[in-house]
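Here is the structure we will look at.
The values are calculated or read from the model by the stated rules, or taken from the named source; none is laboratory data. Keep in mind that what you see is a predicted model, and the values were worked out from it rather than measured. In this analysis, Cβ positions are derived from the backbone assuming ideal geometry, glycine residues included, and neighbour counts consider all displayed protein chains.
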Amino acid sequence: MNKTISDIAQMAGVAKSTVSRYLNGGSVSVKTKQKLERITREAGYVPNTFAQSLKAKRTNLIGTIVPRLDSFAAAQTMTGIDEEIRAAGGQMLIYNAGQDRERELEAMQELARQKVAGIILMPARVTPEHLRIAEAAGIPVLLVGQGSDKLHSVIYDDHRAGLLMGRYVLEQGHRRIAYLGVTEEDEAVGRQRKAGFAQAVQECAGCEVFYYESSFKIADARLIAERILEECSPTLIVCATDNIALGVVKAAHIHGLSIPHELSITGFGGYEVTEIIHPTLTTVRFPYFEAGKLAARLVQRLAAGEEVEWQTILDVELLRQESVDNLNIRSL
């Protein structure tokens, strides 16, 4: 059952006029605003007038919620979204969640209150709270990078990416490998890429693989990489993202290791920097810019009441560059 303004007022212990003022962007105290933000979010509340006003005056704004602004993947995706929306005469409104789930949820509600035509969301994980707020908003919410059986999505074939990379490094003769991933709460990067790589390992006898976990930050990856080098001395470290790979490259330099002859390194993403560093980084290219353009087209079609595919899976490309040594040739 949908909550009313009276329900929200009663839950917060304030007057209905205070709730109404908050919902319409009026002046309320910081403490009251924080309380109402929490209660409306937990209740999945969006004003009933929203859907009516959208029909009466359709907005050309598309809200985009990104995990962080300093991410190559997010920047490329946003560029694609912006280019497509502007071409259609619309505008993009960006919210930075700062890799904070609470801020992500707050941004969804704030965008709904601002009467955007639709929301493009790039979450690390889709929770029941995301789904509840999306349903209450009454506008299209489209995911990029993560899938859900409740929301439309544009995703990458992360499992295939891991499988491609795993098979490639094994073909190069590597059998003592460290995999530096991220939390499996991240379904795409943390779970699917790792699962694809693990499948490749299962197809090959005589492999010894050591699994480690890092954050997405270069500095954190460098620290974990130093631990890996001390604990298991792999011939190769497979990194869940190119940023993590850059941290490992830094650790290799600190330890005086030559890449790829003393340590091979790979990433995932296809960031521009991977072609600038020396040696160039073997990685898997993800079509972030293309995904942004597609997401923008789809969310605009959904806002117009059109039907679109529930899930679109974009292919990836293995980039064989210089950072992986071929141990088969060395052993000849």
With criteria (1) surrounded by fewer than 15 Cβ atoms within 10 Å (Cβ to Cβ); (2) touching a His at 6+ places or on another chain (Cβ under 8 Å); (3) hydrophobic (A, V, I, L, M, F, W, C), ILE276 comes up short on (2)
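For the range 290-313, give me each residue that is closer than 15 Å to ALA87 by Cα and not acidic (Asp, Glu).
Hits for the range 290-313 are GLY292, LYS293, LEU294, ALA295, ALA296, ARG297, LEU298, VAL299, GLN300, ARG301.
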### Test result for GLY270, in the same structural domain as PHE197 (by TED's automatic domain parsing), small (Gly, Ala, Ser) and surrounded by 24 or more Cβ atoms within 10 Å (Cβ to Cβ)
no
Residues of the range 250-259 being under 13 Å from ALA219 (Cβ atoms) and either surrounded by fewer than 20 Cβ atoms within 10 Å (Cβ to Cβ) or in contact with a Ser or Thr (Cβ under 8 Å, 6 or more places away or on another chain) (or both), in sequence order, are LYS250, ILE254
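Would you check which residues across the range 289-322 are aromatic (Phe, Trp, Tyr) and assigned to a loop (DSSP other than H, G, I, E, B) and list them?
TRP310
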So, first residue free of Cβ contacts under 8 Å to residues at least 12 places away in the same chain in the range 259-288, second residue of a type in the set (Gly, Ala, Ser), Cβ within less than 8 Å, six or more apart or across chains; the pairs are GLU262/ALA252
Taking the range 100-117 and keeping only residues that are touching a residue at least 60 places away in the same chain (Cβ under 8 Å) and either basic (Lys, Arg) or at positive phi (or both), one is left with ARG113, LYS115
Requiring at least 2 residues that are more than 16 Å from the chain's Cα centre (by Cα), the strands (runs of 3 or more DSSP E) wholly within the range 84-154 are 91-96
Requiring at least 3 residues that are out of contact with any strand residue (DSSP E or B) (no Cβ under 8 Å at 6 or more places or on another chain) and either of a type in the set (Gly, Ala, Ser) or modelled with pLDDT under 95 (or both), the strands (runs of 3 or more DSSP E) wholly within the range 229-288 are none
Worksheet item: Given the structure, is TYR179 buried (at least 21 other Cβ atoms within 10 Å of the Cβ), among the hydroxyl-bearing types (Ser, Thr, Tyr) and either under 20 Å from the mean Cα position of the chain (by Cα) or in a strand (DSSP E or B) (or both)?
Response: yes
Of the candidates ALA251, ALA219, ALA296, the one satisfying the condition of being assigned by TED's automatic domain parsing to the domain that holds GLY63 and hydrophobic (A, V, I, L, M, F, W, C) is ALA296
It is to be established whether one or more residues within the range 204-216 are buried (at least 21 other Cβ atoms within 10 Å of the Cβ), over 21 Å from ARG320 (Cα atoms) and at pLDDT 95 or above. yes
Flagged in the range 8-37 as part of a helix (DSSP H, G or I), in contact with a helix residue (DSSP H, G or I) (Cβ under 9 Å, 6 or more places away or on another chain) and under 22 Å from GLU102 (Cβ atoms), in numbering order, are ILE8, MET11, ALA12, VAL19, TYR22, LEU23, THR32, LYS33, LYS35, LEU36, GLU37
Within the range 117-146, restricting to residues that are surrounded by fewer than 20 Cβ atoms within 10 Å (Cβ to Cβ) and not hydrophobic (A, V, I, L, M, F, W, C), the one that is nearest to GLU185 (Cα to Cα) is ARG125
When you scan the range 186-195, do you find a residue that is in contact with a strand residue (DSSP E or B) (Cβ under 9 Å, 6 or more places away or on another chain) and in a loop (DSSP other than H, G, I, E, B), even just one? no
